[in-house]
Amino acid sequence: MKVLVAVKRVIDPNVKVRVKADQTGVETANVKMAMNPFDEIGVEEAIRMREAGTAEEIVAVSIGARQVQETIRTALAMGADRGIHVATDEDVQPLAAAKLLKAVVEKEQPQIVILGKQAVDDDAGQTGQMLAGLLGWSQATFASKIVLGNGDAEITREVDGGLETLKVSLPAVVTTDLRLNEPRYASLPNIMKAKKKPIEEMTPADLGVDAAPRLKLVKVVEPPKRKAGVKVESVAELVDKLRNEAKVI
């Protein structure tokens, strides 16, 4: 079985994000970047599938400028076998990403595609669902457990009321939730080996896809600063403030 894992380069989640002065976006110059945490979970799950003997090859794919090859190398150091870089300097929105991934899937013919449930930069959470729709494949989102069977997969997913278990036929698109696994750290020998693993480059034009943005970002603003809290001396004073100042009771 071949597993295709999509990975995205985002601002490191531990970095405080700053809005640009002209409100056209967030500052990315001289900012530490990393693999999207949900995509790390996807890479780890693919590696575990191979270790269990259910997967034979893991292909990591990323879309973006040349710098995303660093993210692909991270996936290769974790254990992916080879990488695919769809090179574009455009702002790739979810639908365009899904179309590009569809073209890659048709070229690679994997049995399962794993994506993070969302990227921590735009929090759109749309690409996996759009990809499944474009392919006409089964889909299971927010997976917290994946058990591969003979031509199908049993997916436990998190919903508002608890856990839901689905059985989907393969090929399928799966998006990962936080509780699926704990990603491993890449060892130094594997980091060195990753430098020799192949990364195939292609462009949206090579794939026959128009990746031009369809949505226009008007502006980005920081949320308003919260007012400082106050201490109260008694329950009666708290109730009075909630009733007369906050007007919530």
Beyond 18 Å, what share of the Cα-Cα pairs of region 1-147 is found? Please give it as a whole percent. 56 percent
Over its Cα atoms, what ratio of radius of gyration to 2.2 N^0.38 Å does region 1-41 give? 1.50
Under the 0.36 nm per residue contour assumption, what length would be gained going from the current alpha-carbon distance of Asn150 and Met192 to full extension? 11.6 nm
Quick one: length gained pulling Lys16 to Asp122 fully straight, 0.36 nm per residue minus the C-alpha distance? 36.7 nm
Given a 1.4 Å probe and every protein chain left where it sits, what share in percent of the accessible area of the chain is carbon and sulfur? 51 percent
Hydrodynamic calc, the chain: Kirkwood Rh from Cα pairs, then Stokes-Einstein at 4 °C with viscosity 1.567 mPa s, so D in µm² s⁻¹ is 65 µm²/s
Per-pair calculated FRET efficiency, R0 = 41 Å: Asn244 and Ala87 via Cβ, rounded to 0.05: 0.10
What value does region 1-80 have for Rg/Rh, both radii from Cα atoms and Rh as Kirkwood defines it? 1.09
Which pairs, out of Lys32/Lys227; Lys99/Lys216; Lys32/Lys225; Lys102/Lys145; Lys117/Lys197; Lys16/Lys219, put more than 22 Å between their alpha-carbon atoms? Lys32/Lys227; Lys32/Lys225; Lys102/Lys145; Lys117/Lys197
Estimated dipole of region 92-249 in Debye, rounded to 20 [Cβ of Lys and Arg +1, of Asp and Glu -1, Cα centre]: 400 debye
Relative contact order for the chain: what percent, with Cα pairs under 8 Å and sequence separation of 6 or more? 24 percent
When the gyration tensor of region 82-141 is built from Cα positions, what are the square roots of 5 times its three eigenvalues, in whole Å, from largest to smallest? 17, 16, 11
Once every DSSP H run of n ≥ 4 in the chain is given -39500 (n - 2.57) and the sum is divided by its residues, what mean residue ellipticity at 222 nm do you get, rounded to the nearest 500 deg cm²/dmol? -8500 deg cm²/dmol
Note on region 48-150: contact order normalised by length, alpha-carbon pairs under 8 Å, 6 or more apart, percent, works out to 21 percent
Roughly what % antiparallel, to the nearest 5, for the DSSP beta bridges in region 48-203? 40 percent
Counting only heavy atoms of protein chains, what accessible area per residue, in Å², does the chain have with a probe of 1.4 Å? 58 Å²
Expressed as a whole number of Å, what is the distance separating the alpha-carbon centroids of region 30-75 and region 123-201? 11 Å
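The values are calculated or read from the model by the stated rules, or taken from the named source; none is laboratory data. None of the values given here were measured: they were computed from a predicted structure. A quick note on method: Cβ atoms are made from the backbone with ideal geometry, for glycine too, and the neighbour counts reach across all protein chains shown. Calculation scope for accessible area: heavy atoms of the full protein, side chains included, ligands and nucleic acids excluded. Shrake-Rupley method; radii C 1.70, N 1.55, O 1.52, S 1.80 Å.
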